Amino acid sequence: MKYRCALLYTFWFSVAAALFLSATGTVWAVDDAGPVCGSGSNAAICFASIDQRGKLDPAQRQTLAGVGVQAIDIISSPDFERELTAFYRTYDWRSRDAEHQGYWRDFNPGEAAARTRESFNGLHIETKGGVRAWFGAKLLGNLAYEGDTRADGTRNIRLNRNRIDRSIPELINTYVHEGGHKAGYRHRASQNDDQKCEPPYIMGQIAQKLADPSGWAAFAKTRNACSYWRE
């Protein structure tokens, strides 16, 4: 009898916890073994896999799968395109240096949102570790890598395993940033505050803002955000 009660308690506690976490958006209950897709009308957009090579523990893999769902939903939302359009219309990129202007000259917010969303479909989310990734994280602040596109068309991005322990909105920022690269958008290699105003950075930052509106003001004041938000 005691054993049966314990099982029932465990079952209902798990159900309650899952419902609570799902309602608060803190963690998404996602089967990370297969494709990770958006929710509702976005269910046709799917990352191909999360940590296919099995470098992470189950909890980390589950978190990254949940991030994938939210990243797809955000990049597919009208709010994302609306925020990106508002930024592009008010940001004075024409007054910046020639290289910076080049990243924005032919930019179209609606097209950028669509292309980045399309880049998510079939993308593998992998990770990178080892000595070089550790030094990259500690000395250069590397959060992720664009990964590669193989001869068979398989595409991936690689998250730095030394920087996975970040907030979900920050990880969403990284997914969108790297997805922007896969969609063909670029930024210069060395970065200062102003240069973090180039397209992949801005798309990632807007995604983070939509994922965490209450935390946006604090993030916008940091050096990880485009200087535009502070001006």
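The values are calculated or read from the model by the stated rules, or taken from the named source; none is laboratory data. Please read all numbers here as calculations on a predicted model, not as lab measurements. Here Cβ is always computed from backbone atoms with ideal geometry, including for glycine, and neighbour counts include all displayed protein chains.
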Review point. In segment 156-171, which residues are touching a residue at least 60 places away in the same chain (Cβ under 8 Å) and surrounded by fewer than 24 Cβ atoms within 10 Å (Cβ to Cβ)?
Key: 161, 164, 168
**Study point:** residue 155 in contact with a helix residue (DSSP H, G or I) (Cβ under 9 Å, 6 or more places away or on another chain), over 16 Å from residue 122 (Cβ atoms) and charged (D, E, K, R)
**Key:** no
Practice item. With respect to residue 225, determine if the residue is among the aliphatic types (A, V, I, L, M), more than 14 Å from residue 144 (Cα to Cα) and part of a loop (DSSP other than H, G, I, E, B). Key: yes
Review point. Does segment 73-83 contain at least one residue that is surrounded by fewer than 23 Cβ atoms within 10 Å (Cβ to Cβ), of a type in the set (Gly, Ala, Ser) and part of a helix (DSSP H, G or I)?
Key: no
Review point. Taking segment 38-68, which residues are touching a Cys at 6+ places or on another chain (Cβ under 9 Å) and farther than 12 Å from residue 117 by Cα?
Key: 43
Review point. Looking at segment 127-146, which of its residues are surrounded by 17 or more Cβ atoms within 10 Å (Cβ to Cβ) and either among the aromatic types (Phe, Trp, Tyr) or within 13 Å of the chain's Cα centre (by Cα) (or both)?
Key: 143, 144, 145, 146
Check your understanding: Given the residues 108, 121, 142, which is the only one that is more than 20 Å from residue 74 (Cβ to Cβ), polar (S, T, N, Q) and assigned by TED's automatic domain parsing to the domain that holds residue 58?
Key -> 142
Point to revise | Number of the exception - residue 124 against (1) surrounded by 12 or more Cβ atoms within 10 Å (Cβ to Cβ); (2) part of a helix (DSSP H, G or I); (3) of a type outside the set (Phe, Trp, Tyr) | key: (2)
